[in-house]
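The structure under discussion appears below in the form of structure tokens.
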Amino acid sequence: MKLKTRICKRSSLKTSESTQERGTIQSPSYPLSCVDWSSNEEIYFVSDDHQIYKWSDVSRDSVEVAKLPDDFIPTDMHWLLLGGRSSGGGKGSDTLLICSNDGRFIILNKSARVERSISGHTAAISSGRWSPDGAGLLTAAEDGVVKIWSRSGMLRSTVIQSDEAIRCARWAPSSTAIAFCQGGHISIKPLAANSKLIRWRAHDGLVLSLSWSGQSNIIASGGEDFRFKIWDAQGANLYTSAAEEYAITSVAFNPEKDYLLVGTFNMLKLCHSTGWSYSSARFTAPSVGSFYTLSWSTDGTQVACGTSTGQLIVAYAVEQQLISRNLKATSTGRKCIALQDIANGSKDVLEFPQRVINFALGYGHLVVATTHQLHIYNEKYINTPIIIDGRNDARVIEVGKKYFMVLDAASIWVYTYTGRLHLNPRYPGSQAQLPLLNWRSISLGLDVLAIRDNSETSLVHLFDLIPGASRQYEPQSLRAKQQLAEIAACRAGSPDDQFIAFIDINRELYISETRNLNGAGTAERLANASDEIHKIGTQLTAIKWASETNILVGVHDSCYSVWYCPGEGAADPTIIALTTITLDTAEFGKHVAIDSFEDAVITFRCAGALLPVNVNIYCEVLHRALQEGQWQQALKICRLAQHTSLWATLAAVATRKHQLQLSEEAYSAALQIDKVSYLQHLKTLAPSSAEQMAENSLMLGRLLEAETILLHNRKYGQAVALSLRMHSWKRALEIALKHQADQPDMYLVQRVLEERQRYLKALQRDEWDALYLSHVVKDDNASE
């Protein structure tokens, strides 16, 4: 991938003629430090000549919009696009903030009329930025003060007061903290009350620029020591570049993709967000000087740059490449994609009437999003694409086996590959959260769509994609114990065996089923969610499901793990231990990412290189046989390979599907003697009875599932006995009280109280549980 650049005209011919008629010569040598996009086709820029210009991508020309006062020297500019992320925004609703070197800032409306002019600082304002949620703005100045203002320009608070000048300041993506740099130090100030300032030495010289990624929540900085560095939100260094020839004057993360753009003298460098470089664009003739400001368009496809010589430069990335099995798609221009079939050597060049915003490849289909359309290509019918109109600025496209999902400026859409709209999911607050959603917080599975709630990041909404399912419009909710960093729904399997894996902010990996096992309401399900979520890994940075099987791969700091049976075996730590393989990645290098997991091949990406690794092919074939219910074939595969992980996978799946004979042989081969004994006990129970099915679920560690089976079949006595066996005293009493009237001859409550007394007597303790104390008092009153 590389950067394609072009130098834009500073002013239109008409403006140049009029300035010459007035006897003035417009100097192009004013440094251009204020550049921002007002839409995906229009750039506003202003320099020391006090003229606000608008450059249009359609006309490829600049026109003068307004003139600033002669004593107002601009230092920073930022658009607040309230009308949405789509091209043009809302009429009259967008607002422009311009700061000056005398401590003033002005707020202008879409028609460039000044609405507020405020003197906020005693020295030059170095940074003025609207918050990502649009609720307010910050100003940071060389007087060492950072202030937060309301959208109308009313002072809310003074966050920082110091004697050292502030060179640059940026909002956190969540609008809950501010990062700023002073000298060679970077500081993060959370806005919560009584929160501590985080400060660290970042560069040997001055820190000249900052950028905070909304995709990865990491911070990039550039300094006078000729290096750019990447930090996490706690100040830990993730990457340090080699020394460039000149100081790093600007850095900017892409708002939609994992790109970082770095500007220095006469050079732009396009990097991955982890630091390694894609390509560099050098400017020798003409010399453009240092890049003072970088501003990505809201769709993340173009970047506008202002330089020290006053040049406006627009750049966009080309040669973006996606590979899926035998297909390779490469963007060769703004409106052109080359699709190559590696198997038969054919190559097709696809041209589009509008600019390509995004594209995704997988499962034999290529989905391309332009500014206002979606194009769906089938690998067998390349010349006849299906076109969907009205989809503006598609930010995320994810392809699945049956459907593909698009997140655009208006909503989330799930389509079939025939172009039919299958689902438009909505949940409370979904419209307000749309700008904050990204590929880490939304995942398309085989028959489920998972969306992390951005206002409550420990909550996941699950939409069923099976036609006619009630959960298509009333999502099921799943609540984790911690805030979630990334979610991933499995992409294969059967409709009854669907799982979702997620990494929380502590980098721990959990897995849960996406089906509502107990049929309970949302409130009861959320209360019991901890029983259905199982921890299977720690210190994970990224995860990905296989395209055709329920095999999961995850990357740690210095190794990667493959879970061959993460779903069915999640509740049993023994099964997880037997079916998990961890391998060292020291030879790969640092910052390993998962590029794809197609069939049995995992492709890692490290420092730009693609590193393919095979998983156990026997396990891949075993999973496919189990998906189709070919039990004897699965048994032959295990007997042929004779590997413990295969036997454990077969045992877990067979137990789940009540294939007791197979699971007994599999557990025996895996040397799980205790489980073999338990299975022999299960065989003494009536085949396919509620008791046998409940005991089977209990063997897999699924207590909630076992209890649900018994209650659903009106086996209340056995359900109470199950809770007593697990020493779940509160739950046993709840079931007994709830169902005593249904079976009065069983004396459920009395049985629970007797067991409780026997338990207390063995411990030689008095009753301490408030729930049981009330029943003890009642019994005493009754006896009197």
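The values are calculated or read from the model by the stated rules, or taken from the named source; none is laboratory data. These figures come from a predicted structure and were not determined experimentally. All Cβ positions, even for glycine, are placed from backbone atoms using ideal geometry, and neighbour counts span all protein chains on display. To get the accessible areas, we keep the full protein, side chains included, count just its heavy atoms, and leave off ligands, DNA and RNA. Shrake-Rupley method; radii C 1.70, N 1.55, O 1.52, S 1.80 Å.
Kindly evaluate Val406 against the criterion of being under 17 Å from the mean Cα position of the chain (by Cα), within 28 Å of Ser175 (Cβ to Cβ) and in contact (Cβ under 8 Å) with a residue 40 or more places away in the chain. Answer is no for this residue. In the stretch 89-130, the qualifying residues are those that are among the hydroxyl-bearing types (Ser, Thr, Tyr) and assigned to a loop (DSSP other than H, G, I, E, B), and the one that is surrounded by the fewest Cβ atoms within 10 Å (Cβ to Cβ) is Ser111. Looking only at the stretch 496-515, decide whether some residue is modelled with pLDDT under 90, out of contact with any Ser or Thr (no Cβ under 9 Å at 6 or more places or on another chain) and at positive phi. Looking through the stretch 496-515, none of the residues is modelled with pLDDT under 90, out of contact with any Ser or Thr (no Cβ under 9 Å at 6 or more places or on another chain) and at positive phi. Of the residues screened, Ala140 is one that is open to solvent by less than 60 Å² (accessible area, probe 1.4 Å), assigned to a strand (DSSP E or B) and not charged (D, E, K, R). It is to be established whether one or more residues within the stretch 621-635 are aliphatic (A, V, I, L, M), over 21 Å from Ile543 (Cβ atoms), part of a helix (DSSP H, G or I) and over 33 Å from the mean Cα position of the chain (by Cα). Checking the stretch 621-635: at least one residue is aliphatic (A, V, I, L, M), over 21 Å from Ile543 (Cβ atoms), part of a helix (DSSP H, G or I) and over 33 Å from the mean Cα position of the chain (by Cα).
The condition of being touching a Ser or Thr at 6+ places or on another chain (Cβ under 7 Å), open to solvent by 40 Å² or more (accessible area, probe 1.4 Å), at pLDDT below 90 and among the charged types (D, E, K, R) holds for only one of Asp133, Asp70, that being Asp133. Residue check: Ser175 meets all listed conditions (1) among the polar types (S, T, N, Q); (2) on the phi > 0 side of the Ramachandran plot; (3) open to solvent by 70 Å² or more (accessible area, probe 1.4 Å) but one, namely (3).
Can you tell me which of Thr585, Thr580, Thr649 is under 30 Å from Gly400 (Cβ atoms), open to solvent by less than 20 Å² (accessible area, probe 1.4 Å) and in contact with a strand residue (DSSP E or B) (Cβ under 6 Å, 6 or more places away or on another chain)?
Every option except Thr585 fails the conditions.
The helices (runs of 4 or more DSSP H) located wholly in the stretch 675-784 that include 1 or more residues which are touching a helix residue (DSSP H, G or I) at 6+ places or on another chain (Cβ under 7 Å), under 30 Å from Gln661 (Cβ atoms) and modelled with pLDDT of 80 or more occupy 690-699, 703-712, 716-725.
A Cβ distance below 7 Å, combined with a sequence gap of six or more or placement on separate chains, defines the contacts here; from the stretch 183-199, residues that are at positive phi reach residues that are modelled with pLDDT under 95 and part of a loop (DSSP other than H, G, I, E, B) in the pairs Gly183/Glu164; Gly183/Leu206.
Reported count of residues in the stretch 284-302, each being more than 22 Å from Val356 (Cα to Cα), outside any strand (DSSP E or B) and open to solvent by less than 20 Å² (accessible area, probe 1.4 Å), is 2. Residue count for the stretch 576-620, restricted to those that are closer than 26 Å to Lys636 by Cβ and modelled with pLDDT under 90: 1. Checking each residue of the stretch 380-397 against the condition of being open to solvent by 30 Å² or more (accessible area, probe 1.4 Å), outside any strand (DSSP E or B), in contact with a Lys or Arg (Cβ under 8 Å, 6 or more places away or on another chain) and without any contact (Cβ under 8 Å) to a residue 24 or more places away in the chain gives no match. A Cβ distance below 7 Å, combined with a sequence gap of six or more or placement on separate chains, defines the contacts here; from the stretch 129-154, residues that are farther than 15 Å from Ser119 by Cβ and in contact (Cβ under 8 Å) with a residue 60 or more places away in the chain reach residues that are open to solvent by 10 Å² or more (accessible area, probe 1.4 Å) and of a type in the set (A, V, I, L, M, F, W, C) in the pairs Pro132/Trp171; Arg151/Ala135.
Every residue in the stretch 189-204 that is surrounded by fewer than 22 Cβ atoms within 10 Å (Cβ to Cβ) and either modelled with pLDDT of 90 or more or under 27 Å from the mean Cα position of the chain (by Cα) (or both), please.
Of everything in the stretch 189-204, those that are surrounded by fewer than 22 Cβ atoms within 10 Å (Cβ to Cβ) and either modelled with pLDDT of 90 or more or under 27 Å from the mean Cα position of the chain (by Cα) (or both) turn out to be Lys189, Pro190, Leu191, Ala192, Ser195, Lys196, Leu197, Ile198, Arg199, Trp200, Arg201, Asp204.
Selection of the stretch 534-590 for residues being within 16 Å of Thr649 (Cβ to Cβ) and of a type in the set (Val, Ile, Thr) yields Ile536, Thr549, Ile551, Val553, Val562, Thr574, Ile575, Ile576, Thr579, Thr580, Ile581. Only a single criterion out of (1) assigned to a loop (DSSP other than H, G, I, E, B); (2) under 30 Å from Ala410 (Cβ atoms) is not satisfied by Ala315, namely (1). Note on the stretch 546-566: residues that are assigned to a loop (DSSP other than H, G, I, E, B), surrounded by fewer than 24 Cβ atoms within 10 Å (Cβ to Cβ) and in contact with a Ser or Thr (Cβ under 9 Å, 6 or more places away or on another chain) amount to 4. Residues of the stretch 625-640 that are small (Gly, Ala, Ser) and at pLDDT 90 or above: Ala625, Ala634. Thr684 fulfils the conditions (1) open to solvent by less than 20 Å² (accessible area, probe 1.4 Å); (2) under 22 Å from Lys715 (Cβ atoms); (3) of a type in the set (Val, Ile, Thr) except for a single criterion, (1). All conditions but one from (1) within 19 Å of Lys257 (Cβ to Cβ); (2) open to solvent by 20 Å² or more (accessible area, probe 1.4 Å) apply to Ser308; the one that does not is (1). Consider the stretch 25-56 and keep the residues that are farther than 22 Å from Val114 by Cα and out of contact with any strand residue (DSSP E or B) (no Cβ under 7 Å at 6 or more places or on another chain). The one that is modelled with the lowest pLDDT is Ile25. Considering only residues that are farther than 25 Å from Ala304 by Cβ and assigned to a strand (DSSP E or B), look in the stretch 226-242 and name the one that is least open to solvent (accessible area, probe 1.4 Å). Out of the qualifying residues, it is Trp231. All conditions in (1) under 28 Å from Leu312 (Cβ atoms); (2) among the charged types (D, E, K, R); (3) surrounded by 15 or more Cβ atoms within 10 Å (Cβ to Cβ) hold for Glu245, with the sole exception of (3).
Yes or no, residue by residue, for (1) under 22 Å from the mean Cα position of the chain (by Cα); (2) of a type in the set (S, T, N, Q); (3) surrounded by fewer than 21 Cβ atoms within 10 Å (Cβ to Cβ); (4) at pLDDT 90 or above:
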| residue | (1), (2), (3), (4) |
| --- | --- |
| Phe253 | yes, no, no, yes |
| Phe265 | no, no, yes, yes |
| Leu270 | yes, no, yes, yes |
| Ser277 | no, yes, yes, yes |
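Of everything in the stretch 318-364, what is part of a strand (DSSP E or B), over 22 Å from the mean Cα position of the chain (by Cα), touching a residue at least 12 places away in the same chain (Cβ under 8 Å) and surrounded by fewer than 19 Cβ atoms within 10 Å (Cβ to Cβ)? Give them in sequence order. Across the stretch 318-364, the qualifying residues are Val318, Lys328, Thr332, Gly333, Cys336, Ala338, Gln340, Asp341, Asp348, Val349, Glu351.
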